[in-house]
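What follows is a set of notes on a single structure, which appears directly below.
The values are calculated or read from the model by the stated rules, or taken from the named source; none is laboratory data. All figures in this text were calculated on a predicted structure; none of them were measured in a lab. Positions of Cβ are backbone-derived with ideal geometry, glycine not excepted, and every protein chain shown enters the neighbour counts.
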Amino acid sequence: MTDQSSKPPDRPGWWHRLASAIAALWRRWIAALRGPDPAPYVPPTPPPPPGRLVTRRTITPLTVPARGFAFHFQIHGVFIWRSDGLDRDALDSLVERFLPYAHHHLKDEAIGLAREVEPHRGGDFERRLRNRLDQLGEWKYEKGGQHVTCRPQIRIQLDERVRQHIRPYWEQLITLDYERDLAARRARHADGVSSQWAAILKRLLDGPVPDGAARMTNDQLAAVVRDLLAERGAEAPDPLTEAFRNLDPDEEYAREGYFELFGARSPRPSQN
């Protein structure tokens, strides 16, 4: 008998090869219908941080009582907000969140100082509050790991009732300052006129007949002065002189200004 274990295995039949070919065609057809596989997702490179950003918000006017509690001061100005590494939207969001806290903090600091200052001394209160804010430095706020800083810039306005009360005082000061300035100009004018008369008299006394100058009447002296002035004008016509002559006599303040221009010029040497 023939040993069955030593018989070689049968080769695959034609039907098995046909099935394999059909399966391969099916896989290719399915792959063609499915299309190419999507490319793997690569996250975009994050943009660089925006660096330091600054934004401003107007301070809602804050009212704090002055000394005596009968009048008050008003605080105006801006809050300056800064951030590092945040974009604009994030900064604006934090500012809107912390703006009420900044107003409250500023008012708390101002109330204690305002109670020590008279209601008409707004400049004194403004200096004190600015010094206090400089000592505090920037105010820092934080939310979710995001930081923002704030620094107020302020100016003080007096109570309207106080401003109306002290208005006549300041009007009087303005008038006194104008009158003092006018008096100083008049004094300089008088000094200049005295210097001119001294130069005229010196020229008369240094002339060929000084004794005759002592015997001159007022009309004669005036005639000599007119001759001297005419002589000076003939030597060098001066447009300022013409402007001065044509000036309205009632415009005293303007005339004082013209005289300062005359006095600023160097005197001519005397002709002997």
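At-a-glance table
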| quantity | calculated |
| --- | --- |
| Flag if L91 is touching a residue at least 12 places away in the same chain (Cβ under 8 Å) and part of a loop (DSSP other than H, G, I, E, B) | no |
| Test: residue in region 45-61 that is aliphatic (A, V, I, L, M), modelled with pLDDT of 80 or more, surrounded by 10 or more Cβ atoms within 10 Å (Cβ to Cβ) and not in a strand (DSSP E or B) | yes |
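Condition check ((1) of a type in the set (G, A, S); (2) surrounded by fewer than 17 Cβ atoms within 10 Å (Cβ to Cβ)) across all residues:
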residue: F73; (1), (2): no, no
residue: L86; (1), (2): no, no
residue: S93; (1), (2): yes, yes
residue: R97; (1), (2): no, yes
residue: V117; (1), (2): no, no
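A quick yes/no check of all residues on (1) out of contact with any helix residue (DSSP H, G or I) (no Cβ under 8 Å at 6 or more places or on another chain); (2) modelled with pLDDT of 95 or more; (3) at negative phi; (4) surrounded by 17 or more Cβ atoms within 10 Å (Cβ to Cβ):
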site: A110; (1), (2), (3), (4): no, yes, yes, yes
site: R127; (1), (2), (3), (4): yes, yes, yes, no
site: N131; (1), (2), (3), (4): yes, yes, yes, no
site: E142; (1), (2), (3), (4): yes, no, yes, no
site: G145; (1), (2), (3), (4): yes, no, no, no
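Here is a yes/no grid of residues against (1) modelled with pLDDT of 80 or more; (2) farther than 30 Å from P61 by Cα; (3) in the same structural domain as T60 (by TED's automatic domain parsing); (4) within 30 Å of the chain's Cα centre (by Cα):
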position: R163; (1), (2), (3), (4): yes, no, no, yes
position: W170; (1), (2), (3), (4): yes, no, no, yes
position: D177; (1), (2), (3), (4): yes, yes, no, yes
position: R180; (1), (2), (3), (4): yes, yes, no, no
position: D191; (1), (2), (3), (4): no, yes, no, no
position: S194; (1), (2), (3), (4): no, yes, no, no
position: A198; (1), (2), (3), (4): no, yes, no, no
position: L201; (1), (2), (3), (4): no, yes, no, no
position: D206; (1), (2), (3), (4): no, yes, no, no
